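Only the coordinates and a few stated rules stand behind these numbers; no lab work does. What you see is a predicted model; the values in this text were computed from it and never measured. In this analysis, Cβ positions are derived from the backbone assuming ideal geometry, glycine residues included, and neighbour counts consider all displayed protein chains.
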């Protein structure tokens, strides 16, 4: 399948966009007219530059408000089209996108529209060019792909074909099944875009909130599946209007775009493979399209370790803070200045090794989590999939008798390690660390068992990229988004989690500069882990032990518990116990959730203690406003 992207999807100058598109290994590019108009160079130069970069120019767009007009305007529009044809020939592109007219005073007559499009196609044919007619979801007369197809059929010109766009179809809730009945050679071009589900007018939705497939909520894979069934074999192109994209890194957005197309193709392939009753005809058509076939999604079985970047002079404060949480030093690395802390099944690594990745990360971000180790049934499969989706492999310095752990760079430059949990593979932590005999080490535990989830604070505008990254690379599933009121602004939160629930990352962004999330981003100079949730079987006992160890527990306002009593039918003794220990509570179905928070370590990150009862599978988002208010009050004291 040939992969393309529209220049309107990217920030920067036209030259920078083309270079980014080529670096992300697209086959072709759509040139958005404004990008060319505002470029200090000729169309012929862009043609040459694209060719030098190994790109073909697949489409010039858009040509607006052409059809359904009176004779005088038709004549002017045809003259206008001839000037666009001149530009196209210098660009070396043969296809022009003509979108349905949105003016209010047009003629709503299919016969007139078809006749005028025929005349345009005839002009294009004389120049060796073609016209792709697209139905805009807010078009005055033509809004749906089927209506546009009827007009194309009525015009019956070989140089006039249909142009499909997933957003215009799915935003209207249109039935995509009819696309498969359109002859593939009459579909001249296909554009794809996703979007979050929003209740607003379609034009504003389209202009500001489109996103790459896999970042939103539309069923783009169902749309593309029908396109494949039609027999279409041309480019699949990303056309995304998005305010955040216009401010983001050109190169990173282009890579995100390619990652999204590959993920979309994989979803379509999976749909075909799951259909046991696929017809021979559809199978034959499908074989004509080379859909991306990635290594399988790895099975994740938990978080093997979290690694903190620190330095020798600051490590003592961090290790002391963690020891008060019940962690004990269980081993030292054989060759590096690295310490392993343990409690239950939790492994925390403090890396103060000079001249290392962790040291470089520390210099940029301060004390922070620089790496996450994920347990998986097949570490090499996980690495292969990540590389197939444009992730960069990381290879650190390995000493004698040490185990190499496959790793990739995450979007923020931190590392994700893939740790094999197969029985025939030794645990790398057991291999690389010399176990230390700590008197009463296990006895220091406060009852923490495992890492429940790891919450990340992201810079504003990056949430979609992270969701796509986790979906495509790790197979994590996005859950519902939450808008959480912090005393200083809104925080938008969305969890991505593995199917089995063993790996969960709540992702948080905020446009306000003063929310707890934004403060974390500022402190880390970018994205970072701002809190870690540990599970326990007895949260009240764990909190009591924390206090005995000198750990400060975040104080929850008493009014919270008065409201809790009004919301739930609860034993007053339980509410008194929650209040006494500053424990928050939530209930879903038959499941219950208890959570308590520590004060932050040097205003950088904090810990959450959670207890799940009866199958509760959420994250207590309903309590987040109370927690953020308490943190704001704590900072003010």
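Multiply the residue separation of residue 435 and residue 450 by 0.36 nm, subtract the distance between their alpha-carbon atoms, and state the gained length in nm to one decimal. Intermediate values should be presented prior to the final figure.
Working: separation 15, 0.36 × 15 = 5.40 nm, distance 2.01 nm.
Contour length minus Cα-Cα distance gives 3.4 nm.
Packing, as the average of other Cβ atoms within 10 Å across residues, places the peptides 559-571, 623-635, 112-124 in the order 112-124, 623-635, 559-571, highest first.
Expressed as a whole number of Å, what is the distance separating the alpha-carbon centroids of the stretch 328-381 and the stretch 36-113? Each part reduced to its Cα centre gives a spacing of 56 Å.
Here's the picture: a label point sits 7 Å out from the Cα of residue 107 along the beta-carbon direction, and within the stretch 63-84 the residues with their amide nitrogen under 12 Å of it are 67-75.
Cα centroid distance between the stretch 470-500 and the stretch 173-234, in Å? Measuring centre to centre over Cα atoms gives 24 Å.
How big is the convex hull of the Cα atoms of the stretch 450-510, per residue, in Å³?
It comes to 81 Å³ per residue, whole-number rounded.
Restricting attention to the chain, close to 60% of DSSP beta bridges with both partner residues there are antiparallel.
Taking every DSSP bridge with both residues inside the stretch 151-250, close to 20 percent are antiparallel.
What 222 nm value per residue comes from the helices of the chain, counting each DSSP H run with n ≥ 4 as -39,500 (n - 2.57) and dividing by all residues, nearest 500 deg cm²/dmol?
-11000 deg cm²/dmol
The value obtained for the stretch 167-271, namely the Cα convex hull volume divided by the number of residues, is 98 Å³ per residue. Peptide packing: for 194-203, 244-253, 92-101, the average count of neighbouring Cβ atoms within 10 Å per residue gives the ranking 92-101, 244-253, 194-203, highest mean first.
Principal-axis analysis of the Cα atoms of the chain puts helix 110-126 at an angle of about 80° to the longest axis.
Enumerate the residues in the stretch 202-232 having an amide nitrogen under 16 Å from the point lying 7 Å beyond the Cα of residue 477 toward its Cβ. Only 217 pass the distance filter.
Average 1/r across all pairs of distinct alpha carbons in the stretch 463-636, invert it, and you get the Kirkwood radius: 17.0 Å. Applying D = kT/(6 pi eta Rh) to the stretch 3-287, where Rh is the Kirkwood radius over alpha-carbon pairs, T corresponds to 4 °C and eta to 1.567 mPa s, the Stokes-Einstein value obtained is 68 µm²/s. In the stretch 3-287, the DSSP beta bridges split such that about 5 percent are antiparallel, to the nearest 5. At full extension, residue 360 and residue 53 could sit 107.2 nm farther apart than now, given 0.36 nm per residue minus the alpha carbon distance. Counting every C-alpha pair in the stretch 557-637, the share spaced more than 16 angstrom apart comes to 53%. Could you check the spin-label model distance between residue 427 and residue 247? Points 7 Å from the Cα along Cα→Cβ, value in nm. The two pseudo-label positions are separated by 4.5 nm. Here the peptides 505-517, 593-605 are ranked by packing, the mean other Cβ count within 10 Å, and the order with the highest first is 505-517, 593-605.
Its residues counted as N, the stretch 1-155 yields a C-alpha radius of gyration over 2.2 N^0.38 Å of 1.08.
The alpha carbon radius of gyration of the stretch 351-402, expressed as a multiple of 2.2 N^0.38 Å, is 1.37.
Over its Cα atoms, what ratio of radius of gyration to 2.2 N^0.38 Å does the chain give?
Details: Rg = 28.3 Å, N = 637, 2.2 N^0.38 = 25.6 Å.
Against the empirical 2.2 N^0.38 Å value, I get 1.11 for the chain.
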